[in-house]
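Asks: Sharing a structure here in structure tokens format.
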Amino acid sequence: MITTDRLILRGWRDADLAPWIALNADPLVMRHFPAVQTPEESEAMMARSQAHIDQHGFVLWAVERREDGAFLGFTGLALLKEANPLFPGVEAGWRLAAHAWGRGYASEAASAALADGFDRLGLERIVAFTAVDNLPSQAVMTRIGMTRRADLDFDHPALPRGHRLERHVVWESLAPGKSPAAL
Ligand SMILES: CC(C)(COP(=O)(O)OP(=O)(O)OC[C@H]1O[C@@H](n2cnc3c(N)ncnc32)[C@H](O)[C@@H]1OP(=O)(O)O)[C@@H](O)C(=O)NCCC(=O)NCCS
């Protein structure tokens with residue numbers, strides 16, 4: 001669990017499921033993804049997230065607002081899948097309900113998740129990537145001090161060739177004191 005000024009990043013709870021399903025069914029939230037998620041897909045992703053915490057000690061954490069306990073979405077870290085061109089490594093990610101946008105929550109949560117990755121987990125490098133058109137996500141990457149790595153941009157292997165979301169742009173953060181040459 002990680003606590004920030006306004007947020008708690010924590011493991012997933014059963015009560016998160018209903019707002020999580022609603023969030024993933026919102027076409028606005030999912031406009032930079034191939035499709036909205038069905039309730040079954042959301043439930044499966046939640047179960048995978050909890051399993052990831054149990055196995056690795058970190059995850060795309062459930063994000064809760066401290067002032068009222070509201071579930072806002074996820075922000076955190078995840079192991080890259082083998083098919084990803086950046087594999088092996090750890091990626092940062094975020095997805096919040098639309099009602100929680102525009103208040104700095106994603107950047108606050110992401111900064112804390114990166115610090116946890118470097119300080120507690122001892123990671124040397126964290127990457128983040130998103131579709132070319134997903135400017136709000138790229139703004140989070142900039143805001144939290146990640147560095148653009150255009151040389152690592154890739155076509156997402158899970159998408160068919162020519163798909164509108166195929167091209168992905170990459171950002172990275174290195175642990176304090178690490179230079180790219182040292183990795
Ligand atoms: C990506 C996503 C999390 C970004 O959300 P966001 O609200 O734009 O980002 P933040 O939470 O960091 O908030 C930043 C905004 O809050 C404003 N803000 C208000 N109060 C603030 C505060 N106290 N601190 C910082 N920023 C604050 C900032 O000025 C900024 O506004 P702007 O976008 O008009 O410049 C959101 O768009 C989302 O969930 N999208 C759908 C899922 C998605 O695409 N995920 C990424 C896939 S790779």
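Asks: For region 1-101, which GluC sites (Glu not before Pro) are in a loop by DSSP, counting at most 12 other Cβ atoms within 10 Å?
Replies: Numbers: sites: 40, 41, 43, 64, 67, 82, 91; in loops: 67, 82.
Those that pass, being in a loop and sparsely packed, are 67, 82.
Asks: If the elastic network links every pair of Cα atoms under 10 Å, which of 153, 68, 14 fluctuates the most in the Gaussian network model of the chain?
Replies: Taking springs between Cα atoms under 10 Å, the residue moving most is 68.
Asks: Can you tell which of 167, 120, 149 shows the greatest fluctuation in a Gaussian network model of the chain with Cα springs below 10 Å?
Replies: Of the options given, 120 has the highest mean-square fluctuation.
Asks: Right, another one. Quick one: accessible area per residue over region 2-182, 1.4 Å probe, rounded to a whole number of Å²?
Replies: That works out to 49 Å² for each residue.
Asks: Then there's this: Under the Kirkwood approximation applied to all pairs of distinct alpha-carbon atoms, what is the hydrodynamic radius of region 61-138 in Å?
Replies: Numbers: mean 1/r = 0.0742 Å⁻¹.
Here the Kirkwood hydrodynamic radius works out to 13.5 Å.
Asks: In Å and whole numbers, how far do the C-alpha atoms of region 1-71 stretch along each principal axis, longest first?
Replies: 31, 29, 22
Asks: Between region 149-180 and region 98-142, how many Å separate their Cα centres?
Replies: About 14 Å separates the Cα centre of region 149-180 from the one of region 98-142.
Asks: Taking 0.36 nm per intervening residue step and subtracting the Cα-Cα distance, what contour gain separates residue 164 from residue 6 on full extension?
Replies: Working: separation 158, 0.36 × 158 = 56.88 nm, distance 3.56 nm.
So the extension gain works out to 53.3 nm.
Asks: Right, next: When Lys and Arg each count +1 and Asp and Glu each count -1, what net charge do the other residues less than 12 Å away from residue 169, Cβ to Cβ, add up to? Intermediate values should be presented prior to the final figure.
Replies: Numbers: positive: 148, 149, 167; negative: 133, 151, 153, 155, 166, 172.
After counting each charged neighbour, the total is -3.
Asks: So which residue, out of 148, 125, 164, gets the largest mean-square fluctuation from a GNM of the chain using Cα contacts under 10 Å as springs?
Replies: Looking only at 148, 125, 164, the largest GNM fluctuation is found for 164.
Asks: Something else: Got a sec? Charge dipole of the chain, +1 on Cβ for Lys and Arg, -1 for Asp and Glu; which of 38, 134, 53 is way out at the positive end?
Replies: Towards the positive end, the residue furthest out is 134.
Asks: Moving on. Just the ratio, please: alpha-carbon radius of gyration of region 2-182 over 2.2 N^0.38 Å, N its number of residues.
Replies: Numbers: Rg = 15.6 Å, N = 181, 2.2 N^0.38 = 15.9 Å.
Relative to the 2.2 N^0.38 Å estimate, region 2-182 comes out at 0.99.
Asks: What is the Cα coordinate range of region 111-170 on the first, second and third principal axes, sorted by size from largest, in whole angstrom?
Replies: Principal-axis extents of the Cα atoms in region 111-170, largest first: 40, 20, 18 Å.
Asks: Where does the charge balance sit around residue 17 when Lys and Arg score +1, Asp and Glu -1, over other residues with C-beta under 13 Å from its C-beta? Walk me through the numbers on the way to the answer.
Replies: On the way: positive: 13; negative: 14, 16, 40, 41, 43.
Local net charge: -4.
The values are calculated or read from the model by the stated rules, or taken from the named source; none is laboratory data. Bear in mind the structure is a predicted one, so any value in this text is a computation, not a measurement. So basically every Cβ, Gly included, is an ideal-geometry build from the backbone, and we count neighbours across all protein chains shown. Areas reflect the complete protein model, heavy atoms only, side chains present, ligands, DNA and RNA absent. Shrake-Rupley method; radii C 1.70, N 1.55, O 1.52, S 1.80 Å.
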